[in-house]
Amino acid sequence: MLRFLIALMLMVLPLSASAQSRNITIDGDHGKLAAVLQTPDGQNKFPLVIICHGFTAYKEHPLLTALADDLEAEGIASIRFDFNGHGASEGNFQDMTVLNEIVDAKKVFDYAKSLPNVTSISIAGHSQGGVVAGMVAGELGAKNIKAVVLMAPAAVLRDDALRGNLFGSRYDALNPPEYVEVTTNRTLRVGRGYITTAQTLPIYETAEKFTGPALMIHGTGDVIVPYTYSLSYKKIFKRGEIDLISRADHSFVGKENLAADIAAEFFARQLNK
C-alpha cells in the first residue's frame, strides 16, 4: 500500500523544472505500457506531444527519438511509448489490432491530461502509428488534440487487408487464418483479429472529424506506403498541410533528422502561439 501511495503522489505532483526524461508506466488496453516522458529543461509549463510508433516498431526508433529531442529543444514535452505486444510493453503481439492500439493511445492521452504541467496535448505517429494518431485525433476532436503530425501514415493497411497481403505474406482475405507470419526485422505472428479489424477500419472517415492543424510528412521513395496516401489525408483535413521528402523511404532512413525537424517546427509553430 505504501508503494502504491508513493507512486500515486509521483504521478500527480508537478515535474521539476529541471526534469528532462524519465521512464514511466501507463495502464494500456492489454497490460502495462512502457513509456518515456521527456520534458524541456527549465520550464514548469509546456505543451506535450504523444508520439506513436509503427507496426512491429518501438518507442526508441531513431525517427521518434529524434522527434522527441527536437521537441524538447522547442520547449515542448513528449511521451513516446510501446504499444501492447511491442517493445517493453505487456501483451501478446498476436492479439494486437489497430483498435486496441487506439485504446492504448487514448490511455496515454488520459495520463498526459492528468499532468498539471501540461498546457495542451497534440499527437504524432509514424506508419501504423500515423493511422492511430489520425483516428485518435478524429475521435477526441480539436478541443482535446491541438495539432497532428502523420509521418508516412499507413492507410494502405486497409487496402492490403482486403487484398490478402501483409508485408508480402499472402492469405485468403475472405477467410483469414488464425494468424499470418510476417518477417520484418524478425518473424512475428499477426492474428486474425488484426486482419478482420483492418478490413473495415474507418481510417479516413474517423480522421476527417479532426478540425485542427495537421501535417503529413512522406517520402517520395516510400514503396511500402506510397505518398499518395498522405495526399488523401490532406484532402480530408480542413487545415491539412503536406511536406514531401524527395526519395526518402518509409522509415526515412538517413533522413530521420530532416523528418523530425519538419515535424518539430510545425508543432512549435502551432503550439507556441
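Quick notes on this one:
- Matching residues in segment 218-251 - criterion: being among the charged types (D, E, K, R), touching a residue at least 24 places away in the same chain (Cβ under 8 Å), within 18 Å of His126 (Cβ to Cβ) and not in a loop (DSSP other than H, G, I, E, B): Glu241, Asp243
- Annotation note: Cβ proximity below 8 Å between a residue of segment 91-106 that is within 13 Å of Phe55 (Cα to Cα) and touching a residue at least 40 places away in the same chain (Cβ under 8 Å) and a residue that is surrounded by fewer than 22 Cβ atoms within 10 Å (Cβ to Cβ) and basic (Lys, Arg) (sequence gap 6+ or interchain) occurs for Phe93/Arg189; Gln94/Arg189.
- Of the residues Leu157, Leu162, Leu201, Leu215, the single one that is loosely packed, with under 15 Cβ neighbours inside 10 Å and either in a helix (DSSP H, G or I) or of a type outside the set (Lys, Arg) (or both) is Leu162.
- Test: residue in segment 176-190 that is surrounded by fewer than 20 Cβ atoms within 10 Å (Cβ to Cβ), in a helix (DSSP H, G or I) and modelled with pLDDT of 95 or more: no
- Residue list for segment 99-154, filter: small (Gly, Ala, Ser) and under 18 Å from Asp82 (Cα atoms): Ala105, Ala112, Ser122, Ala124, Gly125, Ser127, Gly129, Gly130, Ala133, Gly134, Ala154
- Some residue of segment 51-70 being among the basic types (Lys, Arg), out of contact with any Cys (no Cβ under 6 Å at 6 or more places or on another chain) and buried (at least 18 other Cβ atoms within 10 Å of the Cβ): yes
The values are calculated or read from the model by the stated rules, or taken from the named source; none is laboratory data. These numbers were taken from a predicted model, which means no experiment stands behind them. We place every Cβ from the backbone using ideal geometry, glycine too, and count neighbours over all the protein chains shown.
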